[in-house]
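The block underneath contains the structure these notes are about, expressed in structure tokens.
Just so it is clear, none of the values below were taken in a lab; they were calculated from the coordinates. Model, not experiment: these values are computed from the prediction. Because the Cβ atoms are built from the backbone with ideal geometry, glycine has one as well, and the counts that use them run over all protein chains shown.
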Amino acid sequence: MDIDAFRRQAHGMVDWMAEYLETVERYPVRAQVVPGEIAARLPTAPPAGPEPMERIFADFQADILPGITHWQHPSFFAFFPANASPPSVLAEMLTATLGANCMLWQTSPAGTELETRMMEWLGRMIGLPDGFYGVIQDTASSASLCALLTARERATGWRANEAGLGALGAEGVRLAAYVSEEAHSSIEKDAMIAGYGREGLRKIAAGDDFAMRVDALEQAVAADLAAGITPACVVATLGTTGVGGMDPLRPIAELCRRHGIFLHVDAAWAGSALILPEHRGMIDGVELADSFVFNPHKWLFTNFDCSAHFVRDPEALTRTLSVTPLYLQSRETGQVIDYRDWGVPLGRRFRALKLWFVIRAYGVEKLKTMIADHIAWAGELSEQIAAAPDFELMAPLSLGLVNFRYHPAGRDDESALDALNQRLLEQLNDSGRLYLTQNRVKGRYAIRFSIGQTATTRAHVQRAWGVIREAAAASG
Ligand code: PLP
């Protein structure tokens, strides 16, 4: 493609992008296709020669868009948000155009130095105490993997990377990691990858408040010590995926300090709410943590992917992950930050740019207002659900997350209620008018309503509540 054609096409596509964002509500929120439907529209063989961009773009609209679930739709209330925003999209266009790989300082000095500064900004914005150093990872899953790996190395005197876990000691070294039973599945996957094994991951009971029980954690650690197993890492979750439970950080951190256990904090979703000082109670004790992650790509208006990972001891992280062949050395090695040593992949996108655009284009005060609004609308919704005779809350409101179910008077059979709510959820999502996800709360099926999309307004939340009530009443 020559550069004049690129310019012409790019202008046209930007017009399309602006119109998409303006009119995204005309699409069904969740893609309304069946498995294989999109694949059937795609030729099985690649074209031998060039095709005009007009045709490719027309096919994008005709064949790809119907298979897109519109995460930027203001009635997207499923999972957690992956909220983009116009300034973030603009930065992503520049990032793609530069096509820079920010693996070493030398391969993009501005990439590295902007990343360091953005992580300092974010640390201040969320009220992290001094003494944390930040890196942008692709996802919270990756950040937690890095934490579990660092913990593994620390617990084995930095020997596991060298010798392999199985070669340490006569029967190998047995390590344990601890999470709440409400924690995200990424921790389990990370524990598998990092060599703890599923059997080495202790899922600690949560209390009625869905938070990790510190007495149960203490017992699990004691049992492991008695069995000759090394407690290596605790992952505390702030804002569990199902109901937004908050593990009590300070007592967990104090326990970790007493036993010399590495403490990682997974605040993937809830961390963005820390820009509001009134929500900082959840990080009381964070000064004792070794590692902390939250995702601006969830709830800070920054396109996926962008995960903010803070560590107390960058040396421990790089000692765990650094491998330096000659071709990755540069004149500046050792005097600058080479972020490739701070994570698993070598290649790194220029992610700091979109944070810079987002934070500057909105300003911190506006970002606070946007998140505070989401939380306030969730509060209003949760009060309405609590007051509605045929509905009930299944867990206390947590920030922008509400769990509820339809429970018509006199219909108390639990399995029937599970089936009724499952049908209701499917019917709502099939309507294309909104998108919600399911959950299981203390064994019972619940509908999970998560508020945090950039374009969502109070009216969208209220409309969704109306649609839910109507559909429930019609479901009989
Ligand atoms: N941790 C928590 C608490 C989450 O809710 C999620 C995803 O929703 C993750 C981790 C995984 O995030 P990512 O997709 O960035 O790996």
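Tell me whether the stretch 94-362 comes out rounded, prolate or oblate; compute the Cα gyration tensor, take square roots of the eigenvalues as a ≥ b ≥ c, and use a/c under 1.5 as the rounded threshold.
oblate
Per the helix-only calculation at 222 nm, which mean residue ellipticity applies to the chain, given -39500 (n - 2.57) for every DSSP H run of n ≥ 4 and division by its residues, nearest 500 deg cm²/dmol?
Theoretical 222 nm ellipticity from helices: -13000 deg cm²/dmol.
Is the stretch 3-68 best put as rounded, prolate or oblate by its Cα gyration tensor, with a ≥ b ≥ c the root eigenvalues, rounded for a/c under 1.5, and otherwise prolate when a/b is larger than b/c, oblate when not?
oblate
Indicate, rounded to the nearest 5 percent, the antiparallel portion of the DSSP beta bridges found entirely in the stretch 94-362.
If I count the DSSP bridges inside the stretch 94-362, around 40 percent turn out antiparallel.
If you place +1 on the Cβ of every Lys and Arg and -1 on the Cβ of every Asp and Glu, how big does the dipole about the Cα centre of the stretch 94-362 come out, in debye to the nearest 20?
Result for the stretch 94-362 is approximately 600 debye, rounded to the nearest 20.
At 27 angstrom or more along the helix axis (alpha-carbon based) and mean Kyte-Doolittle of -1.0 or higher, what helices does the chain contain? Whole DSSP H runs only.
Qualifying helices, which must be both long enough and hydrophobic enough, are 3-23, 364-387.
When you count, for each residue, the other Cβ atoms within 10 Å and take the mean per peptide, how do 61-71, 13-23 rank with the highest first?
Highest to lowest by the protection proxy: 61-71, 13-23.
Apply the a/c threshold of 1.5 to the C-alpha gyration tensor of the chain and tell me whether it is rounded, prolate or oblate.
The shape class here is oblate.
Gap in Å between the Cα centre of the stretch 70-140 and the Cα centre of the stretch 341-363?
First find each Cα centre; the distance between them is then 3 Å.
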